[in-house]
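J.: This is the structure I want to talk about, given as structure tokens.
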Amino acid sequence: MPPADAPIPAVPGIVPFGDDAVLADLREPAGIRAARRAQALASAIEALRQGDPRLGAPVPGAASVLVPFDPSGIDTAGMAALLAPLLAALPDD
């Protein structure tokens, strides 16, 4: 497993947050639309988490979602790969 400070593949909006979390940034201004999208992303991550013990409970924010993970089971690059399709599938409304 690469060190926590190793660069992760370029996945727009997914950035490391310490050694055991990533931040999925919606890259839009905070507001009602962004908050709804953050909640939708958190719900999708929660559904994924039910079958994947490496993931912690997602924490939605105004325009982002913090996603903790178990670094002994997955690294930031793996998290980026898991979350990228969920970000891409978010509705635009």
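The values are calculated or read from the model by the stated rules, or taken from the named source; none is laboratory data. Quantities reported herein were computed from a predicted structural model and do not represent experimental measurements. Note that we place each Cβ from the backbone using ideal geometry, even for glycine, and neighbour counts take in every protein chain shown. Areas reflect the complete protein model, heavy atoms only, side chains present, ligands, DNA and RNA absent. Shrake-Rupley method; radii C 1.70, N 1.55, O 1.52, S 1.80 Å.
J.: Write down, largest first, the equivalent ellipsoid semi-axes of region 13-93 in whole Å, where each equals the square root of 5 times an eigenvalue of the alpha-carbon gyration tensor. Show your work: numbers first, answer last.
T.: Numbers: eigenvalues 83, 31, 22 Å².
Square roots of five times the eigenvalues give 20, 12, 10 Å.
J.: With a 1.4 Å probe and every protein chain left in place, work out the accessible area per residue of the chain in Å², rounded to a whole number.
T.: On the way: 4970 Å² over 93 residues.
With the other protein chains kept in place, the chain gives 53 Å² per residue.
J.: When the helices in the chain are scored as -39500 (n - 2.57) per DSSP H run of 4 or longer and the sum is shared across all residues, what 222 nm value do you end up with, to the nearest 500 deg cm²/dmol?
T.: Values: 2 runs with 31 residues, N = 93.
Helix contribution divided over all residues of the chain: -11000 deg cm²/dmol.
J.: Report the relative contact order of the chain, percent, no decimals, based on alpha-carbon pairs under 8 angstrom and at least 6 residues apart.
T.: 34 percent
J.: Tally up the carbon and sulfur contribution to the accessible surface of the chain as a whole percent, 1.4 Å probe, everything protein left in place. Walk me through the numbers on the way to the answer.
T.: Working: 3020 of 4970 Å².
Exposed carbon and sulfur together represent 61 percent of the surface.
J.: Under 5 Å between amide H atoms, partner at least 5 residues away or on a different chain: which partners does Ala21 have, H built in plane at 1.01 Å?
T.: Those lying under 5 Å, H to H, from Ala21 are Phe69.
J.: Something else about it: Suppose the chain between Ala84 and Asp52 were pulled fully straight at 0.36 nm per residue; how much longer would it get relative to their current alpha carbon spacing?
T.: On the way: separation 32, 0.36 × 32 = 11.52 nm, distance 1.61 nm.
Taking 0.36 nm per residue and subtracting the Cα distance, the gain is 9.9 nm.
J.: Then there is this: What is the local net charge at Gly73, summed over the other residues whose Cβ is closer than 12 Å to its Cβ (Lys, Arg +1; Asp, Glu -1)?
T.: Around Gly73, the charge tally is -3.
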